[in-house]
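Okay, structure first, notes after.
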Amino acid sequence: MMISLSDAGKRFNREWIFRHFTYQFIQGQSYAITGANGSGKSTLLQVLSGSMHFNEGQCVWSKDNTSIAAEQVYRHVSICAPYLEVVEEMTATEFLDFHQSFKSFLPGITTAFAIEMVGLKDAAHKQIRYYSSGMKQRVKLAQCIFSDTSIVLLDEPCTNLDVKGIDLYNELIEKYCTDRLVVVCSNDKTEYGFCKKILSISDYK
């Protein structure tokens, strides 16, 4: 899987969030997008996910040298971000089972295994609305990382996690993401320390 940006730009009204962005994101590599708060990191991530249109240039998604239509990109992408909510009226088990009804987990991964891996076994049948913020973040990470996708997009993925949660995050990345295309938007090295390539959004203003 590969995402190719060619002179891509995104603006809101007259303000350019980024412009003249030319880059290739390749499966098997990990990338960090850094920049000040409000600089456009999340906007770029949404463009890469295919959920937000750009205003100029090109963004091409391809697999095995075959282009993927923008409206089909979601099949290949999983994302974890603070602005994406979980269904709090569901239990973790119900939520992850529901998620798998339209995007399956990696081969061999079950809902029960995913919940145990993120340390929520004892709360598997408790409604998510009763979870702490850190527990909710673990559910988001499970939904994202265990989905059977080629592209994993992470926006401030350790939000609300304690030290054990951050260690868990890095363990999940190491075990399940090394052969995927991973993009992390963050200014915190604990979240993107594993990334081999670092890009600053300010270079594309």
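Laboratory data are not the source of any read-out in this text; all were calculated from the coordinates shown. Because the structure is a prediction, the values reported are computed rather than measured. We place every Cβ from the backbone using ideal geometry, glycine too, and count neighbours over all the protein chains shown.
Whether any residue in the stretch 91-99 is surrounded by 13 or more Cβ atoms within 10 Å (Cβ to Cβ) and among the polar types (S, T, N, Q) is what I want to check.
yes
Of Ile109, Ile115, Ile151, which residue is more than 24 Å from Ile33 (Cα to Cα), in contact with a Lys or Arg (Cβ under 9 Å, 6 or more places away or on another chain) and of a type outside the set (Phe, Trp, Tyr)?
Exactly one of Ile109, Ile115, Ile151 is more than 24 Å from Ile33 (Cα to Cα), in contact with a Lys or Arg (Cβ under 9 Å, 6 or more places away or on another chain) and of a type outside the set (Phe, Trp, Tyr), namely Ile115.
Tyr83 is checked against (1) surrounded by 15 or more Cβ atoms within 10 Å (Cβ to Cβ); (2) out of contact with any Pro (no Cβ under 6 Å at 6 or more places or on another chain); (3) closer than 20 Å to Gly50 by Cα and fails just one. What number does that condition carry?
Result: Tyr83 passes all but (1).
Pick out the one residue from Leu161, Leu153, Leu141, Leu120 that is surrounded by 19 or more Cβ atoms within 10 Å (Cβ to Cβ), over 25 Å from Val183 (Cα atoms) and not polar (S, T, N, Q).
Exactly one residue qualifies, and that residue is Leu120.
Would you mention how many residues in the stretch 160-200 are of a type outside the set (D, E, K, R) and touching a Pro at 6+ places or on another chain (Cβ under 8 Å)?
3
Has the stretch 48-64 got at least one residue that is within 19 Å of Tyr192 (Cβ to Cβ) and touching a strand residue (DSSP E or B) at 6+ places or on another chain (Cβ under 9 Å)? Write out each step before concluding.
So the first thing to find is which residues in the stretch 48-64 are within 19 Å of Tyr192 (Cβ to Cβ), and the list is 48-49.
Cutting the leftovers down to touching a strand residue (DSSP E or B) at 6+ places or on another chain (Cβ under 9 Å) gives us 48-49.
Yes, the conditions are met somewhere in the stretch 48-64.
Do any helices (runs of 4 or more DSSP H) lying entirely in the stretch 103-205 carry at least 1 residues that are over 23 Å from Val73 (Cα atoms) and of a type in the set (Lys, Arg), and which ones are they?
Helices (runs of 4 or more DSSP H) meeting the threshold: 133-145, 163-176, 189-192.
Is it fair to say Leu154 is aliphatic (A, V, I, L, M) and in contact (Cβ under 8 Å) with a residue 40 or more places away in the chain?
When the stated conditions are applied, Leu154 passes them.
Just to be sure I understand, how many residues within the stretch 4-20 are closer than 13 Å to Val60 by Cβ and touching a Phe, Trp or Tyr at 6+ places or on another chain (Cβ under 7 Å)?
Number of matching residues: 2.
Just to verify a result, which residue in the stretch 13-36, among those that are free of Cβ contacts under 8 Å to residues at least 40 places away in the same chain and of a type in the set (S, T, N, Q), is nearest to Asp155 (Cα to Cα)?
The selected residue is Gln24.
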